[in-house]
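Report on one structure; see the data block that follows.
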Amino acid sequence: MKKIGYVIPSFPTLSETFVGVEMRAMMALGHQLQPYAFNTNEHFQPVDTYLKSCCTYLSEAPVYPLRNIWKLYRCHNFIYKQKGFSYLSLLRQGLQLAYLAKRDGCEHLHAHFAWHSAATAIVAAKLLNIPVSFVGHGADIYAAPQDLTCKLQAADFICAVTKEMQNELQLATTKPVCHIPCGIHEADYPPPSPHWHPTKDFLFIGRLVEKKGLDTLLNAFSLLPMTATLDIVGDGPLLTELTEMVKELGLNRRVAFHGSKDAHWYHHHAGDYKALVAPFTIALNGDKDTGPLVIKEAMALGLPVITSDLAGCCEILDDNSGKQVPMDDPYSLQYAMQQHLSLTPTELHQQRKHAFERVITLFGASRQACLLSALVEAQ
């Protein structure tokens, strides 16, 4: 099977577990992989330690700018059309990646995010005359796209993590756009036990940013009975603003901020809560979550889900596996949370069981890896 070079902006990243999950699933199928990244992070999931040790960081690797310069004619037009990067900078990074990918025996380059990672992968692949693909996720498509049309035309195929994204991107290119959602590693999730006795009410887990809808969540939560509690797990630029909002609403004793936690914490503590509440919205700049992994993980962990009608959430849940409410509507969210607290153990178990079966069937990483592998091998 083809050896694949993965090109990633920053790896590993604590909140981007889907990249490591996909790579491990591809290796399980028999692919050899070589990760390339521009930056690393201090905080990451322990499970990504091995992949991190294998990763080549372009910011640290030696530069070999002239090794493939005579093949510039293959990528000149693509580089020339890029407005988000200087010609020489993109050429230098492309030449560097091409040298490394050739040295490592890569037969296909696959980039995550349609930013500089995709642009560099396309230049390197053209220099080497090998196939290239990239994955669109969220902000790179909706909030801050960079020369997206050029990339859509230059790649051999494109992966979209939602059907909505697939349909939108396909209108902009003649190249195939394939729907491959981010998956979860099935072996990490045993079927939910019917003997479930949560001791806490509601959990939010994720980055503290606008698209998560935390202002809606806090306003909705303030309307619940005084006995209800909410734990917020995560960090981000809105922490100070949200802390002030909690004080203004008089929720200090009922809302607790716990900072960032790794995947092990989520797995270990999901059973402590009656529901995950994730009222996703669309940020003012257009950024939005696409197929949120936190919902898929909750379904696999037996944690009931209350979320919004964001398109990506609609593709994950059905009426039997979770509750959805209109975006930016604290009153509908409050009602859904209140109703959830009144569900019987039998009703909750049926919901948890159905959600687990749905997510394992539709969003297992092995299924998504088979789809991606078939595309790679067909090039």
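The values are calculated or read from the model by the stated rules, or taken from the named source; none is laboratory data. Remember, predicted model here, so these are calculated numbers, not experimental data. When we count neighbours, we look across all protein chains shown, and the Cβ atoms used for this are built from the backbone with ideal geometry, even at glycine. All accessible areas refer to the heavy atoms of the entire protein, side chains included, with ligands and DNA or RNA removed. Shrake-Rupley method; radii C 1.70, N 1.55, O 1.52, S 1.80 Å.
Taken as a whole, segment 86-94 holds no residue that is part of a loop (DSSP other than H, G, I, E, B), in contact with a Lys or Arg (Cβ under 9 Å, 6 or more places away or on another chain) and open to solvent by less than 60 Å² (accessible area, probe 1.4 Å).
Just a yes or no: is a residue in segment 251-265 surrounded by 17 or more Cβ atoms within 10 Å (Cβ to Cβ), under 18 Å from Cys182 (Cα atoms) and either in contact with a strand residue (DSSP E or B) (Cβ under 8 Å, 6 or more places away or on another chain) or among the small types (Gly, Ala, Ser) (or both)?
At the first step, the residues of segment 251-265 found to be surrounded by 17 or more Cβ atoms within 10 Å (Cβ to Cβ) are 251, 254-255, 263.
From what's left, under 18 Å from Cys182 (Cα atoms): 263.
Those left that are additionally either in contact with a strand residue (DSSP E or B) (Cβ under 8 Å, 6 or more places away or on another chain) or among the small types (Gly, Ala, Ser) (or both): 263.
Yes; the residues of segment 251-265 include at least one that is surrounded by 17 or more Cβ atoms within 10 Å (Cβ to Cβ), under 18 Å from Cys182 (Cα atoms) and either in contact with a strand residue (DSSP E or B) (Cβ under 8 Å, 6 or more places away or on another chain) or among the small types (Gly, Ala, Ser) (or both).
Scanning segment 333-351 for residues that are touching a Phe, Trp or Tyr at 6+ places or on another chain (Cβ under 9 Å) and surrounded by 17 or more Cβ atoms within 10 Å (Cβ to Cβ) returns Leu333, Gln334, Met337, His340, Leu348, His349. Exactly one residue among Ala139, Ala154 is of a type in the set (A, V, I, L, M), closer than 25 Å to Gly234 by Cβ and open to solvent by 10 Å² or more (accessible area, probe 1.4 Å), and that residue is Ala139. Scanning segment 302-324 for residues that are crowded, with 18+ Cβ neighbours inside 10 Å, over 16 Å from Phe202 (Cβ atoms) and among the small types (Gly, Ala, Ser) gives Gly312, Ser321. Give the residue that is farthest from Pro181 (Cα to Cα), with candidates limited to residues of segment 313-331 that are touching a helix residue (DSSP H, G or I) at 6+ places or on another chain (Cβ under 8 Å) and outside any loop (DSSP other than H, G, I, E, B). Selected residue: Tyr331. When Met299, Met327 are checked against the criterion of being in contact with a Ser or Thr (Cβ under 7 Å, 6 or more places away or on another chain), farther than 30 Å from Met1 by Cα and open to solvent by 20 Å² or more (accessible area, probe 1.4 Å), Met327 stands alone in meeting it. Quick one: in segment 115-133, which of the residues that are without any contact (Cβ under 8 Å) to a residue 40 or more places away in the chain and outside any helix (DSSP H, G or I) is most open to solvent (accessible area, probe 1.4 Å)? Per the stated criteria, the residue is Ile130.
For Val47, indicate whether it is assigned to a loop (DSSP other than H, G, I, E, B), in contact with a helix residue (DSSP H, G or I) (Cβ under 8 Å, 6 or more places away or on another chain), of a type outside the set (D, E, K, R) and open to solvent by 20 Å² or more (accessible area, probe 1.4 Å).
Values: assigned to a loop (DSSP other than H, G, I, E, B): no; in contact with a helix residue (DSSP H, G or I) (Cβ under 8 Å, 6 or more places away or on another chain): yes; of a type outside the set (D, E, K, R): yes; open to solvent by 20 Å² or more (accessible area, probe 1.4 Å): yes.
Answer is no for this residue.
In this structure, does Gly291 turn out to be farther than 25 Å from Asp188 by Cα and modelled with pLDDT under 95? So Gly291 does not fit the description; no.
Out of everything in segment 63-84 that is more than 15 Å from Thr149 (Cβ to Cβ) and assigned to a loop (DSSP other than H, G, I, E, B), what residue ends up being modelled with the highest pLDDT? This residue is Cys75.
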